[in-house]
1. Could you list, in sequence order, all residues of the stretch 225-260 that are within 14 Å of the ligand (Cβ to nearest atom) and touching a Pro at 6+ places or on another chain (Cβ under 8 Å)?
2. Quick one: is Asp271 more than 14 Å from the ligand (Cβ to nearest atom) and among the charged types (D, E, K, R)?
3. Starting from residues that are surrounded by fewer than 17 Cβ atoms within 10 Å (Cβ to Cβ) and not acidic (Asp, Glu), keep the ones in the stretch 246-260 and report whichever is modelled with the highest pLDDT.
4. Could you list, in sequence order, all residues of the stretch 211-224 that are assigned to a helix (DSSP H, G or I), away from the ligand (no atom under 11 Å from the Cβ) and not hydroxyl-bearing (Ser, Thr, Tyr)?
5. Within the stretch 12-114, considering only strands (runs of 3 or more DSSP E) that don't extend past its boundaries, which have at least 2 residues that are over 30 Å from Met152 (Cα atoms)?
6. Only residues that are out of contact with any helix residue (DSSP H, G or I) (no Cβ under 8 Å at 6 or more places or on another chain) and either surrounded by 14 or more Cβ atoms within 10 Å (Cβ to Cβ) or not in a helix (DSSP H, G or I) (or both): list them for the stretch 165-183, please.
7. Among the residues of the stretch 59-86, write down those that are out of contact with any Asp or Glu (no Cβ under 9 Å at 6 or more places or on another chain) and within 16 Å of Leu116 (Cβ to Cβ).
Amino acid sequence: MAKNAAAKSFAAQATVQEPHPPHILVVDDSRAIRTFMEENLGKAGYTVHCAENGREALKVLAKRHVDMVISDIDMPVLNGKAFRAKMLEEPEYATLPFLVMSTQDTEENVKIMRELRVSAFLSKPFKADQMIILVERILDYTNLLISAQQEMANQEKVMLLSSIMSLAQALDARDAYTRSHSDSVAETATRIARHMACGATMVETAHIAGRLHDIGKVGIPDSVLQKPGKLTEDEFNIIKTHPGIGARILEPIPSLFEVATIIHAHHEKYDGSGYPRGLTGEQIPFLARVLALADAYDALTSDRPYRQGMGKQQALAIIKKGRGSHFCPTCLDAFLESI
Ligand SMILES: [Fe+2]
């Protein structure tokens, strides 16, 4: 596949959007309000999801794409203000339009709503038509903004990935194993991330980090990278520099900075015995812990010139032994379930 086409297909895979009609999440502890909203929004052509408090709403957001949230303020467990504050902490949810419906349109509440960047405030009780018009206007405005931003972001991503792909292809040309290995690691890491209910952005990051995790090997001499036999200690020390080299290649690109930090840590081990920095536990970025599993599984099951790949069950038995030492226990459980 041509370099640019590969980058485009990569970006396209990463930005799959749910089809319309728009999905609206309604959050209210009153069953009557939820039913009212579901009926009227449904009649107007929207797909409606309901939650009875902020905590349940966060679970819905983690599971599926929504285009807009309409939320009450006063709710048990996690109220509307705390729910909105949590949404703002997540880049993926922070830009979702958020319409508040409440009886408490006091001056103080309206001030807080402004700080929480809500799109509009509907005072209860309200009429269905009034609510539908407001929802339509907010969604129209948001869609305009989103398409402009997506167009710019996609163009930037295609250009950047195209450049990075050139580099990855230079490495693939030197070492055929790296290409199939990187594809498998990307696929497994993506599957684990999805299984752990990660959002679309994180799943995309897992895919890119998996595909590029060994990019730092472009800085490793052929005599070491392609040596068929066992490496000497000095040669292994050279191999150990590839996560740092990979990170330095990607760090200057703002949209790949997180990928760089993950790649830097993909050979760290949970107990601190990995390289290059000997990070432990949660010091290791979450997706680097996921990559470590995907990387190990593919390495164990792949054929190499000097040995045959082992069977799935044998590889899984070895990986299970690394629980808490090499591998993060939570990620390991998710990996075993996902496979
Ligand atoms: Fe590596």
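1. Result: Ile238, Lys240, Thr241, Pro243, Gly244.
2. Values: more than 14 Å from the ligand (Cβ to nearest atom): yes; among the charged types (D, E, K, R): yes.
Against the criterion (more than 14 Å from the ligand (Cβ to nearest atom) and among the charged types (D, E, K, R)), Asp271 qualifies.
3. Filtering the stretch 246-260 down to residues surrounded by fewer than 17 Cβ atoms within 10 Å (Cβ to Cβ) leaves 248, 251-255, 257.
Adding the requirement that they be not acidic (Asp, Glu) leaves 248, 252-255, 257.
Details: Arg248: 94, Pro252: 84, Ile253: 82, Pro254: 78, Ser255: 79, Phe257: 89.
The qualifying residue modelled with the highest pLDDT is Arg248.
4. At the first step, the residues of the stretch 211-224 found to be assigned to a helix (DSSP H, G or I) are 211-212, 215-219, 222-224.
Keeping just the survivors that are away from the ligand (no atom under 11 Å from the Cβ) gives 211, 218-219, 222-224.
Correct list: Arg211, Val218, Gly219, Asp222, Val224.
5. Details: elements: 23-27, 47-51, 68-71, 98-102.
In the stretch 12-114, 23-27, 47-51, 98-102 are the strands (runs of 3 or more DSSP E) which contain 2 or more residues that are over 30 Å from Met152 (Cα atoms).
6. Keep residues of the stretch 165-183 that are out of contact with any helix residue (DSSP H, G or I) (no Cβ under 8 Å at 6 or more places or on another chain), which gives 173, 176-177, 180.
Answer for the stretch 165-183, where residues must be out of contact with any helix residue (DSSP H, G or I) (no Cβ under 8 Å at 6 or more places or on another chain) and either surrounded by 14 or more Cβ atoms within 10 Å (Cβ to Cβ) or not in a helix (DSSP H, G or I) (or both): just Tyr177.
7. Met68, Val69, Ile73, Lys81, Ala82, Phe83, Arg84, Ala85, Lys86
The values are calculated or read from the model by the stated rules, or taken from the named source; none is laboratory data. Everything quoted here is computed from the prediction, not taken from an experiment. Backbone-built Cβ (ideal geometry, glycine too); neighbour counts: all protein chains shown.
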